[in-house]
1. Looking at the stretch 1-12, which of its residues are open to solvent by 50 Å² or more (accessible area, probe 1.4 Å), assigned to a helix (DSSP H, G or I) and either more than 17 Å from A69 (Cβ to Cβ) or at pLDDT 95 or above (or both)?
2. For residues that are basic (K, R) and either surrounded by 15 or more Cβ atoms within 10 Å (Cβ to Cβ) or not in a loop (DSSP other than H, G, I, E, B) (or both), scanning just the stretch 19-77, find the one that is farthest from the chain's Cα centre (by Cα).
Amino acid sequence: MTTGTIESHLASFITTGEIDVLDLVDVTNMDMVVKIMKEQPELKHAEIKQIAGESVSYSDIRAVSAYLARTKKDVAV
């Protein structure tokens, strides 16, 4: 398995609540990605990465996306 595959699997555990997003993402990067995603929800991951810059990885973006999906589901219940 590649690193990206493993990180994608870990992100899926954020969606289920088995892993806390902050176990995988630095709080500063999380705040930045959440802000971008909430202000511009139509953006694709590559566009978010371009805005966020080098300090944010695609793994960070996937993890935050999973976190937001989970919190959205929790609010809808």
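1. T3, T5, I6
2. For the stretch 19-77, the residue satisfying everything is K73.
The values are calculated or read from the model by the stated rules, or taken from the named source; none is laboratory data. Owing to the predicted nature of the structure, the values given are computational and were not obtained by experimental measurement. Note: ideal-geometry Cβ built from the backbone for every residue, glycine included; neighbour counts use all protein chains shown. We work out accessible area using only protein heavy atoms, side chains counted, and drop any ligands, DNA or RNA first. Shrake-Rupley method; radii C 1.70, N 1.55, O 1.52, S 1.80 Å.
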